[in-house]
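Structure, as C-alpha cells:
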C-alpha cells in the first residue's frame, strides 16, 4: 500500500507526497462501493463456435449459445446459473489472443419472460457475480419477466490479473501542492502500478471501458438478445456511456444509477459534486444550530471547520492507534470528511471534528482500518485509460483554483482523483465525450444529491430521457440502498420501456 513518509521514526502523512515508498498492509483493502464479496471458483459453461458480425463491424466467435449450468461456488445463491465467455484481449485483433470472463444469471421466475438485463455494479472492476449474489433479493420484481445477467469484468478481483500483484497502486491521499510534489506523486504511482502491468502488459493496457463495452456487446450476443437492456451502477455508468457511443443502435433501455460523468470534460466532472457537498455542509450547519447533541452547538460551525483545516495545514493531526502512525493535513481532512458527510449521521461528523480539535483524527477514518488507502492498479488501469486525468500540473492547478471558488469547505478534494492518473504513461484509449443522442432511445437515470449533476449530464444528452431524484445521501439507489420507489420505476422501464415523469422525486423507504 502506498502512502507518504519522512525520515525518522516512520509516520504516514495524509497530505502532499514527498517521496515514493511502500507502507505495510495489514489486511486486504476494502473496495470503494463494494456491495458484497464472495470468493469464486471458475464458473462452469461452454460456448458454441461459429461466426457472426456484431455492430462494431468486427468478426468474432458466435456467442449466441451460452450454456448455463449450476454455479460451482456453494456460497452463491442456489438459483444463480453460471457460464463463461471468451473475448479478445485486443478487440482490434479479434482473432488473436483471448481471455475468459465468468458470467452469472438469475433467471426469470415468471411465465412471461421478456428478455435479459445486463448489470454492472461499478468499481471500476468490482465483481458483478458477487454483487448479484449479495443483492439478489432486490431483483425480485425485475425477475418476474427478465433474466438478470452480470459478469466479472476483465481484471476483476484476481480472476484474470493476479490480486497479489495488482492490489498496490497510487495513494488515495497524495495531494500535491506544487509541481515537484505532483511529479513525485506521478513517479510513486507509476512504481506502484508497475508490478501489476508487468504480469500482462497487453491486457493491462486494454482495460478501458470502451474495450469492456465491446465485451458487453459479446455478452449481449451470447444471450441471444437483439438489443441490450443495461443497468449501470456507479462506475458501471461509464461502461454504459461507452457502449452507447459504440453501439447506439443496439440499446433498448439503459438505466444509470449514481454514475460517474463520462460525457463532460474532466476539468468539470467534479464540480457538481462540490456543489452537492456544500449543500450537504449547509444542512449539517443548520442541523447543528438546532440540535443540542451537536458538540459545536452555538458556534459558527463553518468557521470551526475552516479553522481546523488551517490548524491541520500548520501541524498535521495524528490518527491515534494507526500502525504505522498516520498524520492528517487539511487535504486529508477534506478527503475523509467528504466520506463522513455522505455516509454517516450528523452526530458522528460533529464528534469527529471535536476529536480532531483535541488532537486525534482517527474518528474521520470511515474505512475503519487506520491505514492509508490506495487505488488498486486494476482500477487505475480502467479509470486512467478512460481519460480521468489532467494533462499536466498546470492543468491540475487550474482546476484546483477553480474549485476553490465554488467550494470553500472542500476545494481540492475532487482533483486528487484525476491527479492519480499522472502516473499513466500510455495514451488515453477512451476519452469522455458526448453521446449520439439522436440515435439512442430514452434513458432513465437515478441520482442522490452527490451524483445528481453526473447523472443529469448523461440523460440530458438523450432526448426523452427521465431522471429520478433522491433528495438525500446514498449511493446506488437500486443496488445498494434498495429504494423501493426507484426499484419499482426502474423495473417498469427495463421491462416495458415505460419512463416515469422527468425529475420524479423518490422518498426514502418507510421503516
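Values as computed for the structure displayed
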quantity: Cβ-Cβ under 8 Å pairs, at least 6 apart or on other chains, the stretch 373-400 side farther than 21 Å from residue 205 by Cβ, far side modelled with pLDDT of 85 or more and outside any loop (DSSP other than H, G, I, E, B); calculated: 393/179; 393/182; 393/183; 396/182
quantity: Count of the stretch 197-238 residues which are touching a strand residue (DSSP E or B) at 6+ places or on another chain (Cβ under 6 Å) and without any contact (Cβ under 8 Å) to a residue 12 or more places away in the chain; calculated: 0
quantity: One residue from 461, 402 being closer than 30 Å to residue 303 by Cβ and more than 17 Å from the chain's Cα centre (by Cα); calculated: 402
quantity: Qualifying residue in the stretch 244-257 (condition: surrounded by 20 or more Cβ atoms within 10 Å (Cβ to Cβ) and under 17 Å from residue 424 (Cβ atoms)); calculated: no
quantity: Matching residues in the stretch 74-93 - criterion: being surrounded by fewer than 21 Cβ atoms within 10 Å (Cβ to Cβ) and farther than 30 Å from residue 205 by Cβ; calculated: 74, 75, 77, 78, 79
quantity: Unmet criterion (only one of (1) closer than 25 Å to residue 72 by Cβ; (2) crowded, with 17+ Cβ neighbours inside 10 Å; (3) in contact with a helix residue (DSSP H, G or I) (Cβ under 8 Å, 6 or more places away or on another chain)) for residue 109; calculated: (2)
quantity: Residues of the stretch 335-359 satisfying the condition of being in a loop (DSSP other than H, G, I, E, B) and in contact with a strand residue (DSSP E or B) (Cβ under 7 Å, 6 or more places away or on another chain); calculated: 359
quantity: Qualifying residue in the stretch 180-198 (condition: assigned to a loop (DSSP other than H, G, I, E, B) and more than 30 Å from residue 113 (Cβ to Cβ)); calculated: no
quantity: Residues within the stretch 151-179 that are more than 30 Å from residue 117 (Cβ to Cβ) and modelled with pLDDT of 80 or more, tallied; calculated: 4
quantity: Qualifying positions in the stretch 304-317 - in contact with a strand residue (DSSP E or B) (Cβ under 9 Å, 6 or more places away or on another chain), surrounded by 18 or more Cβ atoms within 10 Å (Cβ to Cβ) and outside any loop (DSSP other than H, G, I, E, B); calculated: 308, 312, 317
quantity: Looking only at the stretch 319-336, and only at residues there that are buried (at least 18 other Cβ atoms within 10 Å of the Cβ) and more than 19 Å from residue 177 (Cβ to Cβ), the one that is modelled with the highest pLDDT; calculated: 319
quantity: Filter pass, residue 462 being modelled with pLDDT of 95 or more, farther than 19 Å from residue 137 by Cβ and in a loop (DSSP other than H, G, I, E, B); calculated: yes
quantity: Residue selected from the stretch 365-392 under the condition touching a helix residue (DSSP H, G or I) at 6+ places or on another chain (Cβ under 7 Å), surrounded by fewer than 24 Cβ atoms within 10 Å (Cβ to Cβ) and at pLDDT below 90, by the criterion farthest from residue 454 (Cα to Cα); calculated: 370
quantity: Single residue of the stretch 215-236 satisfying the filter (more than 21 Å from residue 476 (Cβ to Cβ) and assigned to a loop (DSSP other than H, G, I, E, B)) that is nearest to the chain's Cα centre (by Cα); calculated: 227
quantity: Residue 102 touching a strand residue (DSSP E or B) at 6+ places or on another chain (Cβ under 8 Å), at pLDDT 90 or above and either surrounded by fewer than 24 Cβ atoms within 10 Å (Cβ to Cβ) or outside any strand (DSSP E or B) (or both); calculated: no
quantity: Unique residue being out of contact with any strand residue (DSSP E or B) (no Cβ under 9 Å at 6 or more places or on another chain) and at negative phi when the list is 404, 446, 458; calculated: 404
quantity: Set 198, 205: member being surrounded by fewer than 17 Cβ atoms within 10 Å (Cβ to Cβ) and touching a helix residue (DSSP H, G or I) at 6+ places or on another chain (Cβ under 9 Å); calculated: 198
quantity: Total residues in the stretch 485-502, condition more than 14 Å from residue 443 (Cβ to Cβ) and not in a helix (DSSP H, G or I); calculated: 1
quantity: Scope the stretch 119-156; condition assigned to a helix (DSSP H, G or I), touching a residue at least 40 places away in the same chain (Cβ under 8 Å) and within 20 Å of residue 215 (Cβ to Cβ); matching residues; calculated: 129, 130, 131, 132, 156
quantity: Failed criterion for residue 320 (all others in (1) in a helix (DSSP H, G or I); (2) free of Cβ contacts under 8 Å to residues at least 60 places away in the same chain hold); calculated: (1)
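The values are calculated or read from the model by the stated rules, or taken from the named source; none is laboratory data. Just so it is clear, the model here is predicted, and its values are computed rather than measured. Positions of Cβ are generated from backbone atoms using ideal geometry, with glycine treated the same way; all protein chains shown enter the neighbour counts.
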